[in-house]
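> Input: one structure, supplied below.
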Amino acid sequence: MEEKRLAVLSVMAEERIMAEKINAYLSEYGECIVGRMGIPYRERGVFVMCVVLDAPAALINALTGKIGSLEGVTAKTLFGKI
(Lines give C-alpha, C1' and ligand atoms only; values in the text may rest on other atoms or scores of the structure.)
Protein backbone atom coordinates (compact mmCIF):
# COMPACT_ATOMS: atom_id res chain seq x y z
CA MET A 1 0.00 0.00 0.00
CA GLU A 2 1.25 3.44 -0.93
CA GLU A 3 2.30 5.77 1.88
CA LYS A 4 -0.30 8.32 2.95
CA ARG A 5 0.38 12.01 2.34
CA LEU A 6 -1.11 15.10 3.93
CA ALA A 7 -2.42 17.57 1.37
CA VAL A 8 -4.65 20.61 0.90
CA LEU A 9 -6.94 20.63 -2.12
CA SER A 10 -7.95 24.15 -3.14
CA VAL A 11 -10.93 24.57 -5.42
CA MET A 12 -12.47 27.61 -7.13
CA ALA A 13 -15.74 27.34 -9.03
CA GLU A 14 -17.14 30.09 -11.25
CA GLU A 15 -20.71 29.00 -10.51
CA ARG A 16 -22.08 27.94 -7.15
CA ILE A 17 -24.15 25.24 -8.87
CA MET A 18 -20.89 23.33 -9.43
CA ALA A 19 -20.61 22.90 -5.65
CA GLU A 20 -23.10 20.03 -5.90
CA LYS A 21 -20.89 18.14 -8.36
CA ILE A 22 -17.77 18.90 -6.33
CA ASN A 23 -19.49 17.63 -3.18
CA ALA A 24 -20.47 14.42 -4.98
CA TYR A 25 -16.81 13.73 -5.77
CA LEU A 26 -15.79 14.60 -2.21
CA SER A 27 -18.36 12.15 -0.88
CA GLU A 28 -16.71 9.38 -2.92
CA TYR A 29 -13.42 10.11 -1.12
CA GLY A 30 -14.96 10.93 2.27
CA GLU A 31 -12.81 8.44 4.21
CA CYS A 32 -9.71 10.48 3.26
CA ILE A 33 -11.04 13.91 4.24
CA VAL A 34 -9.73 15.37 7.50
CA GLY A 35 -11.71 18.60 7.18
CA ARG A 36 -13.15 21.04 4.68
CA MET A 37 -14.32 24.62 4.38
CA GLY A 38 -16.43 26.21 1.65
CA ILE A 39 -16.87 29.93 1.16
CA PRO A 40 -19.22 31.61 -1.32
CA TYR A 41 -17.34 34.79 -2.27
CA ARG A 42 -20.27 36.82 -3.58
CA GLU A 43 -18.30 39.97 -4.40
CA ARG A 44 -16.25 38.00 -6.97
CA GLY A 45 -18.99 35.57 -7.93
CA VAL A 46 -16.98 32.45 -7.08
CA PHE A 47 -17.23 29.55 -4.66
CA VAL A 48 -13.96 28.71 -2.88
CA MET A 49 -13.31 25.43 -1.07
CA CYS A 50 -10.33 24.05 0.87
CA VAL A 51 -10.14 20.37 1.72
CA VAL A 52 -7.50 18.72 3.93
CA LEU A 53 -6.76 15.14 2.87
CA ASP A 54 -4.74 12.29 4.36
CA ALA A 55 -4.41 9.63 1.67
CA PRO A 56 -2.05 8.07 -0.86
CA ALA A 57 -0.81 10.59 -3.45
CA ALA A 58 -2.40 8.66 -6.31
CA LEU A 59 -5.82 8.92 -4.69
CA ILE A 60 -5.40 12.64 -3.98
CA ASN A 61 -4.29 13.24 -7.57
CA ALA A 62 -7.27 11.29 -8.90
CA LEU A 63 -9.69 13.41 -6.86
CA THR A 64 -7.96 16.63 -7.93
CA GLY A 65 -8.19 15.56 -11.57
CA LYS A 66 -11.89 14.72 -11.36
CA ILE A 67 -12.78 18.01 -9.72
CA GLY A 68 -10.48 20.02 -11.98
CA SER A 69 -12.09 18.52 -15.09
CA LEU A 70 -15.45 20.11 -14.26
CA GLU A 71 -16.34 23.10 -16.43
CA GLY A 72 -15.54 26.43 -14.77
CA VAL A 73 -13.67 24.75 -11.90
CA THR A 74 -9.99 25.06 -10.98
CA ALA A 75 -8.43 22.58 -8.57
CA LYS A 76 -4.85 22.50 -7.25
CA THR A 77 -3.23 20.41 -4.55
CA LEU A 78 -0.44 21.31 -2.15
CA PHE A 79 1.32 18.31 -0.61
CA GLY A 80 2.92 18.67 2.78
CA LYS A 81 6.46 17.52 3.52
CA ILE A 82 5.13 15.78 6.62
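> Local charge sum around M12 (other residues, Cβ-Cβ under 15 Å, Lys/Arg +1, Asp/Glu -1)? Don't skip to the answer; put the middle values down first.
Details: positive: R16, K21, R36, R42, R44, K76; negative: E14, E15, E43, E71.
So the environment of M12 carries a net charge of +2.
> Measure nothing but the geometry: give the 0 to 90° angle between the long axis through the Cα atoms of 18-28 and the longest principal axis through the Cα atoms of the chain, rounded to 10°.
20
> Oh, and also: Between E43, E15, E71, where does the largest GNM mean-square fluctuation fall for the chain, given springs only between Cα atoms within less than 10 Å?
E43
> When every alpha-carbon pair in the chain is counted, what percent end up more than 16 Å apart?
I get 46 percent for the Cα pairs in the chain exceeding 16 Å.
> Provide the per residue accessible area, probe 1.4 Å, for the chain, rounded to a whole number of square angstrom.
65
> Still on this structure, please answer the following. Report the relative contact order of the chain, percent, no decimals, based on alpha-carbon pairs under 8 angstrom and at least 6 residues apart. Mind dumping the intermediate values first?
Numbers: 144 pairs, mean separation 38.8, N = 82.
It comes to 47 percent, rounded to a whole number.
> Please label the shape of the stretch 34-82 as rounded, prolate or oblate, based on the square roots a ≥ b ≥ c of the eigenvalues of the alpha-carbon gyration tensor (a/c under 1.5 means rounded; beyond that, a/b larger than b/c means prolate, else oblate).
The shape class here is oblate.
> Still on this model: Report the full-extension gain for the segment K21 to M37: residue separation times 0.36 nm, less the Cα-Cα distance, to one decimal in nm.
Full-extension gain reported as 4.2 nm.
> Contour minus end-to-end for M12 and E71, with contour as 0.36 nm per residue of separation and end-to-end as the Cα-Cα distance?
Taking M12 through E71 to full extension adds about 20.1 nm, to one decimal.
> Ignoring ligands, DNA and RNA, what percent of the 1.4 Å accessible area of the chain is carbon and sulfur?
55
The values are calculated or read from the model by the stated rules, or taken from the named source; none is laboratory data. The structure displayed is predicted, hence computed values, not measured ones. Don't worry about glycine lacking a Cβ; one is built from the backbone with ideal geometry, like all the others, and counts go over all protein chains shown. The accessibility values were calculated without ligands, DNA or RNA, using every heavy atom of the protein model including side chains. Shrake-Rupley method; radii C 1.70, N 1.55, O 1.52, S 1.80 Å.
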